[in-house]
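Visitor: Before I ask anything, let me first share the structure, which is written out below as structure tokens.
The values are calculated or read from the model by the stated rules, or taken from the named source; none is laboratory data. Computed from a predicted model, the values in this text were never measured in an experiment. Because the Cβ atoms are built from the backbone with ideal geometry, glycine has one as well, and the counts that use them run over all protein chains shown. Heavy atoms of the whole protein, side chains included, go into the accessibility calculation; ligands, DNA and RNA do not. Shrake-Rupley method; radii C 1.70, N 1.55, O 1.52, S 1.80 Å.
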Amino acid sequence: QVHLRSAERLRELCCANRGTFIKVGQHLGALDYLLPEEYTRTLKVLHSQAPQSTRQEIEQVIREDLGKEIKELFVSFEDTPLGAASLAQVHKAVLQDGRTVAVKIQHPKVRAQSSKDILLMEVLLLVVKQIFPDFEFMWLVEEAKKNLPLELDFLNEGRNAEKVAHMLKNFEFLKVPRIYWELSTRRVLLMEFMEGGQVNDRAYMERNGINVNEISRNLGKLYSEMIFVNGFVHCDPHPGNVLVKKCPASGKAHIILLDHGLYQVLSESFRMDYCRLWQALIKADMKRVQKYSRRLGAGDLYPLFACMLTARSWESVNRGIDRSPVSASEDVEIRSNAAAYLPQITQLLNNVPRQMLLLLKTNDLLRGIESALHTRASASSFLNMSRCCIRAVSTYQRSKSHSLCRRAQISLTEALSLWQINLYELFLWLKGSQLGNWVIALLSQMH
């Protein structure tokens, strides 16, 4: 009851202050594996049902930015938004030439209000710092100062959308809305209209015949490619920004990626250290876990850092995170430790490179989706991650090598490692399939 009451008060606070406060509330609402259910259930509404701007406010922004009235630009314009988030809301409309579009319109006061929110956060955190010297949260303000101006520029969002669509064009399951530049400004973004169910809505997927495990696997592929191979990462995958839909023509499930305002560009050295750290975590190679955690700023807190990255207990990390599923008792242990080690967690967040902060947030959001779909810690997600790490490290090594023989050796090692992973994946598939059970039964009889 206390959790529910506090969560409702927190939601009311976020809705009253809007903007930056809603962004914080959205993030908290995705931490299913960490926060009590009363908080996550109450705050989840902020992913797509944040406070809305009025029709008059929307008309004012369009008039100021596009120089025309809504009725001049559109044949129809739905008053009720498809979704309202922290910085903007999206309306369905039909252009004069018949194209159906999604119109993203920034809340009129959010730009001015966001700077005040950040200043308020800065003052409050300085006060907290005086009362509790162990709590280091100033990095939160620094990140907000850097990222909010980028998120408030919708032209930047449009460029990011086009870049990621081109970068991941080999993934047929990924759909990124096309941008209509002729009617887009820093506060208004016109996109191709796409619809679907939220990625954490398991019931929607079951109703529409969408394979939950396939969606979770493809989402893992998508983010592994962005993080380990390209170093250009969509950092706001809360469920309101990731939709799923079954294509009527092909019968295949698509992942629709929305809201491209917040991306993290990873430096090459950071990306390689991060790749090698995950390889060490998957192999339970504790010496390399320690080495690369330290290189990423964790220092002596490397065990805590490994637990934060994987959302697993230190015992599971030592045993191998791909060897055992997450148990209910381990979930309870993680929640308890998060409270017990809060000063150390804040110290760690203050020490790691700034690039790591958005990656940790992205990890939290993705893990929240996996938790809702009941697909956490599946072997396939680690296999996809391993493939991307191998490819990324091999590409980097080839770029640094001037010997043709050495480059050929790297390529051969890469091909061999990928082949081993494919073979292991085939083994896992056979083990879990009807055919595999039949072969095992036949071999047992023969024996």
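Visitor: How do the helices (runs of 4 or more DSSP H) wholly within the range 276-333 filter down when requiring 3 or more residues that are under 24 Å from residue 368 (Cα atoms), open to solvent by 50 Å² or more (accessible area, probe 1.4 Å) and touching a helix residue (DSSP H, G or I) at 6+ places or on another chain (Cβ under 9 Å): which remain? Full working, then the answer.
Guide: On the way: elements: 286-295, 302-310, 314-319.
Answer list for the range 276-333: 314-319.
Visitor: Here's another thing I want to ask about it. Could you pull out the residue among 154, 171 that is of a type outside the set (Val, Ile, Thr), open to solvent by 20 Å² or more (accessible area, probe 1.4 Å) and touching a residue at least 40 places away in the same chain (Cβ under 8 Å)?
Guide: Of the residues listed, the single one that is of a type outside the set (Val, Ile, Thr), open to solvent by 20 Å² or more (accessible area, probe 1.4 Å) and touching a residue at least 40 places away in the same chain (Cβ under 8 Å) is 171.
Visitor: Can you name the number of the only condition in (1) over 20 Å from the mean Cα position of the chain (by Cα); (2) within 25 Å of residue 35 (Cα to Cα); (3) surrounded by 18 or more Cβ atoms within 10 Å (Cβ to Cβ) that residue 351 fails?
Guide: The single condition residue 351 does not satisfy is (3).
Visitor: Let me ask something else about it. So which residues in the range 213-242 are open to solvent by 20 Å² or more (accessible area, probe 1.4 Å) and among the aliphatic types (A, V, I, L, M)?
Guide: 229
Visitor: Mind checking which residues of the range 71-87 are in contact (Cβ under 8 Å) with a residue 12 or more places away in the chain and either part of a helix (DSSP H, G or I) or among the aliphatic types (A, V, I, L, M) (or both)? Quick ask: steps written out before the conclusion?
Guide: Quick first cut of the range 71-87, residues in contact (Cβ under 8 Å) with a residue 12 or more places away in the chain only: 73-79, 81-87.
Passing the criteria: 73, 75, 82, 84, 85, 87.
Visitor: Any residue in the range 141-161 that is touching a Phe, Trp or Tyr at 6+ places or on another chain (Cβ under 8 Å), among the small types (Gly, Ala, Ser) and in a helix (DSSP H, G or I)?
Guide: Yes, because at least one residue in the range 141-161 is touching a Phe, Trp or Tyr at 6+ places or on another chain (Cβ under 8 Å), among the small types (Gly, Ala, Ser) and in a helix (DSSP H, G or I).
Visitor: Within the range 192-212, can one find any residue that is assigned to a strand (DSSP E or B), more than 17 Å from the chain's Cα centre (by Cα) and crowded, with 20+ Cβ neighbours inside 10 Å?
Guide: No; the residues of the range 192-212 include none that is assigned to a strand (DSSP E or B), more than 17 Å from the chain's Cα centre (by Cα) and crowded, with 20+ Cβ neighbours inside 10 Å.
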